[in-house]
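Working notes, beginning with the structure itself.
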Amino acid sequence: MRAVAALAALALWTGSAMAQQASDAPTSKKGKTDDLRQQVEQLKQRVDELSRQEEPAKPAASATHLGGYGELHYTHLDSGNTIDLHRVVLFVGHDFTEHARFVSEIEFEHALIENDSGAAEGGAVEVEQAYVEFDVGERSRARAGLLLVPVGILNETHEPPAFYGVERNPVESEIIPTTWRETGAAVGTAFGDSGVSLDVAVHSGLSTDGTDFEPHEGLQEGAEATANKFAGTGRLKFTGPHGLQIAATAQYQQDVTQGVPGVERTPALLLEGHAMADAGPVNLRALYAAWHFDSDAARALFQDRQQGYYGEASWRVVQSFGFFGRYSVLDNGGATAGTEVRQVNAGFNYWPIDNVVLKADWQDRDGNAGRDDDGFALGVGWQF
């Protein structure tokens with residue numbers, strides 16, 4: 001680069017001197033003057049070309065990103081009345097280069113953790129995501145760390161302004177334990193411009209002692225997780241025009257009891273499928289998810305088969321206001337048979353400004369074993 005700069009300086013000095021001499025020449029030599037000036041311009045262009053060729057490639061400048069989301073809920077239900085700062089989540093991301101980045105989220109739940117008695121009560125501080133990601137070619141990415149499992153509609157996109165209802169729907173809270181994260185590695189790739197993509201992940205799995213097989217109770221959340229038995233998840237997704245998304249996910253874990261001696265081995269299989277679309281201001285969503293826990297212990301608890309589904313329709317009347325209705329059915333088992341729960345929710349979202357939402361909904365929940373729970377809820381959510 002120094003050699004090019006020296007040559008450039010010499011060439012420009014020489015060219016300038018030649019041009020000056022040419023301008024001082026008699027008029028009869030005008031033709032030669034024009035030739036000299038043309039040679040000087042050509043010399044300058046060549047110097048510029050050499051300079052660009054010698055300029056080293058510069059990596060993309062690093063950048064750090066901050067963001068977050070949160071939600072506050074008031075619920076007035078048969079089971080009780082509460083007001084709760086349900087969660088505050090802070091996002092920190094960093095771009096190492098144009099093709100490598102770090103993503104993290106830290107979540108504070110229920111506002112308070114009390115340790116006076118030596119035990120955590122009332123709330124939690126959790127790392128929701130923490131992974132490094134690399135672009136592999138133009139259409140693929142690989143990541144490793146604490147990851148969101150690629151399943152359902154809300155597990156990866158659950159910021160409050162992005163969905164209807166004060167609380168997350170019961171199927172994606174109890175059958176799919178949103179927000180579900182595991183420690184491992186994943187690869188995602190898109191197949192050209194077809195709208196089809198594939199995500200494959202190998203990660204830590206659920207852990208249970210064999211006395212309860214509810215998925216949410218088996219979450220390890222990356223906290224010194226027992227890793228005797230891993231899980232594998234695969235998702236095939238099609239994304240099309242008008243917000244169309246059709247996806248199917250399968251997950252298999254060889255043993256959710258993590259091979260602990262004296263506890264019956266329990267393989268587990270999760271199957272999930274969903275579809276969603278926008279028809280102008282109308283949005284339609286439908287989802288089905290089912291677990292199969294294959295052991296006598298799970299069958300004795302009526303938890304060997306757990307499933308749920310819901311359908312939701314919403315109408316964005318204007319940009320800032322929309323109604324919704326949802327019908328959900330779920331059965332996550334229990335100590336006795338006949339534990340199916342049916343729930344209807346209806347209400348509205350109001351967005352006074354972008355990324356801030358006010359919510360209200362009415363709930364009618366019917367089920368056996370004291371699972372009835374009717375009432376209403378109010379909420380406010382935000383993201384930035």
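The values are calculated or read from the model by the stated rules, or taken from the named source; none is laboratory data. Note that the structure is a prediction, hence the values are computed from the model and not measured. Cβ sites come from the backbone with ideal geometry, for glycine too, and all protein chains shown count toward neighbours. What goes into the accessible areas is simple: the full protein's heavy atoms, side chains included, and nothing from ligands, DNA or RNA. Shrake-Rupley method; radii C 1.70, N 1.55, O 1.52, S 1.80 Å.
Evaluate the following for R342: is it surrounded by fewer than 20 Cβ atoms within 10 Å (Cβ to Cβ), touching an Asp or Glu at 6+ places or on another chain (Cβ under 6 Å) and among the charged types (D, E, K, R)?
Taking the combined requirement at face value, the residue satisfies it.
Do the conditions hold for V166, that is, is it of a type outside the set (G, A, S) and either in contact with a Gly (Cβ under 7 Å, 6 or more places away or on another chain) or open to solvent by 60 Å² or more (accessible area, probe 1.4 Å) (or both)?
When the stated conditions are applied, V166 passes them.
Between a residue in segment 360-380 that is touching a residue at least 40 places away in the same chain (Cβ under 8 Å) and any residue that is among the polar types (S, T, N, Q) and open to solvent by 80 Å² or more (accessible area, probe 1.4 Å), which pairs come within a Cβ distance under 6 Å, given they are 6 or more apart or on different chains?
D373/S79
Does D361 meet the test of being buried (at least 16 other Cβ atoms within 10 Å of the Cβ) and modelled with pLDDT under 95?
It is false that D361 is buried (at least 16 other Cβ atoms within 10 Å of the Cβ) and modelled with pLDDT under 95.
Which of the residues that make up segment 227-241 are assigned to a loop (DSSP other than H, G, I, E, B) and under 22 Å from the mean Cα position of the chain (by Cα)?
G240, P241
Suppose we filter R141, R168, R101 for residues that are without any contact (Cβ under 8 Å) to a residue 60 or more places away in the chain and assigned to a loop (DSSP other than H, G, I, E, B); which single one remains?
The match here is R168.
What's the number of the condition E221 fails, among (1) farther than 25 Å from V344 by Cβ; (2) at pLDDT 95 or above; (3) in contact with a Lys or Arg (Cβ under 9 Å, 6 or more places away or on another chain); (4) part of a loop (DSSP other than H, G, I, E, B)?
Among (1) farther than 25 Å from V344 by Cβ; (2) at pLDDT 95 or above; (3) in contact with a Lys or Arg (Cβ under 9 Å, 6 or more places away or on another chain); (4) part of a loop (DSSP other than H, G, I, E, B), E221 violates only (2).
For N345, are the conditions met, namely being within 24 Å of the chain's Cα centre (by Cα) and more than 19 Å from E272 (Cβ to Cβ)?
no
Please specify each residue of segment 180-205 satisfying the condition of being open to solvent by 10 Å² or more (accessible area, probe 1.4 Å) and either part of a loop (DSSP other than H, G, I, E, B) or in contact with a helix residue (DSSP H, G or I) (Cβ under 6 Å, 6 or more places away or on another chain) (or both).
F191, G192, D193, S194, G195, listed by residue number.
When you scan segment 242-339 for strands (runs of 3 or more DSSP E) that lie fully inside it, which ones turn up with 2 or more residues that are open to solvent by less than 50 Å² (accessible area, probe 1.4 Å) and farther than 30 Å from G195 by Cα?
In segment 242-339, the matching strands (runs of 3 or more DSSP E) lie at 321-331.
Quick one: in segment 77-99, which of the residues that are surrounded by fewer than 15 Cβ atoms within 10 Å (Cβ to Cβ) and in contact with a Phe, Trp or Tyr (Cβ under 6 Å, 6 or more places away or on another chain) is nearest to G123 (Cα to Cα)?
Filtering segment 77-99 for residues that are surrounded by fewer than 15 Cβ atoms within 10 Å (Cβ to Cβ) and in contact with a Phe, Trp or Tyr (Cβ under 6 Å, 6 or more places away or on another chain), the one nearest to G123 (Cα to Cα) comes out as I83.
Within segment 359-375, can one find any residue that is in a loop (DSSP other than H, G, I, E, B) and within 30 Å of L66 (Cα to Cα)?
So far as segment 359-375 goes, no, none of its residues is in a loop (DSSP other than H, G, I, E, B) and within 30 Å of L66 (Cα to Cα).
Do any residues in segment 214-225 that are open to solvent by 70 Å² or more (accessible area, probe 1.4 Å) have Cβ atoms under 9 Å from those of residues that are in a loop (DSSP other than H, G, I, E, B) and among the aliphatic types (A, V, I, L, M), where the two are at least six apart or on different chains, and which pairs are they?
What qualifies is E217/L206.
Which pairs have Cβ atoms under 6 Å, sit 6 or more apart or on different chains, and link a residue in segment 231-253 that is over 13 Å from P150 (Cα atoms) and touching a residue at least 40 places away in the same chain (Cβ under 8 Å) to one that is open to solvent by 20 Å² or more (accessible area, probe 1.4 Å) and outside any strand (DSSP E or B)?
F238/G195; T239/G195; G240/G195
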